Amino acid sequence: MKTPVLNYPKLLRTKPQSRKWHIFILIQYIFLSIIYSQENEKTNKISVGFNYGQASQNMPPFDNPKYLYDNEFYKIQVNYLLSKKKKFSYELDFESGIFYSDFQYLNTQKTPVELSFQEYVVNVGGRIRYEIVNNFSSYIIGFTGPMYSEQLTNRLKDGFAFSNVVGLGFSYRITNVSFDMRSTIRHNSNANISIPNSGHNSTGIEAGFMIHL
């Protein structure tokens, strides 16, 4: 039997409304249209891609014994090449994604609380890429941006928060398509705008592709 951590009715809702899918798809369309419209002609500096990944709190460097936090996610990405100097490239990134998350508060005095919910994220950040050999490169990334969580937990208030990500990845390019894999560390919190604000942490692996326009 599941026991809520806090006496909030919203904790009992574990199946988000399906109409959120329509809102999310609309946001993706507007987001990509705005970015692409900034270019009046083809410059080969813009790339558009898709990533899928999974993440968990129960992995280094986190693994907090007080709670479990796992998710799988889908992200649309837009990348813009700012400059390239020899083997180094400096890039601007935009990401928008949906996270299917599971949370469990491990309170030894009560039955563990299990919650399933969705998070909607828009991130902006940068990427520094180094070409190891021809068409094969490594990079580091850093993102931050707003997110919306449908579920209150004992560590983070539902609603508006921030999603912060750092990561290390590798890419292999074949003509105008790059295949990508990266490891990331993510922290969600709301900058003390509301309570609770201990946040959710996770370490993830994701893979995908980028099409260079």
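The values are calculated or read from the model by the stated rules, or taken from the named source; none is laboratory data. Keep in mind the model is a prediction, meaning the values are calculated, not measured. We place every Cβ from the backbone using ideal geometry, glycine too, and count neighbours over all the protein chains shown.
Scan the stretch 147-155 and tell me whether some residue there is among the acidic types (Asp, Glu), in contact with a Leu (Cβ under 8 Å, 6 or more places away or on another chain) and either at pLDDT 95 or above or more than 19 Å from Tyr52 (Cα to Cα) (or both).
no
What is the number of the single condition among (1) in a loop (DSSP other than H, G, I, E, B); (2) polar (S, T, N, Q); (3) touching a residue at least 40 places away in the same chain (Cβ under 8 Å) that Asn192 does not meet?
Only one criterion is unmet by Asn192, namely (3).
Quick check on this structure: which one of Thr144, Thr184, Thr203 is over 21 Å from Lys66 (Cα atoms), surrounded by 18 or more Cβ atoms within 10 Å (Cβ to Cβ), of a type in the set (S, T, N, Q) and under 15 Å from the mean Cα position of the chain (by Cα)?
Among Thr144, Thr184, Thr203, only Thr184 is over 21 Å from Lys66 (Cα atoms), surrounded by 18 or more Cβ atoms within 10 Å (Cβ to Cβ), of a type in the set (S, T, N, Q) and under 15 Å from the mean Cα position of the chain (by Cα).
Can you tell me which of Phe209, Phe170, Phe162 is surrounded by fewer than 18 Cβ atoms within 10 Å (Cβ to Cβ) and under 16 Å from Ile76 (Cβ atoms)?
Numbers: Phe170 fails: under 16 Å from Ile76 (Cβ atoms); Phe162 fails: under 16 Å from Ile76 (Cβ atoms).
Testing whether each residue is surrounded by fewer than 18 Cβ atoms within 10 Å (Cβ to Cβ) and under 16 Å from Ile76 (Cβ atoms) leaves just Phe209.
Just to be sure before I move on: is Tyr139 out of contact with any helix residue (DSSP H, G or I) (no Cβ under 6 Å at 6 or more places or on another chain), at pLDDT 95 or above and surrounded by fewer than 17 Cβ atoms within 10 Å (Cβ to Cβ) in the structure I sent?
Taking the combined requirement at face value, the residue does not satisfy it.
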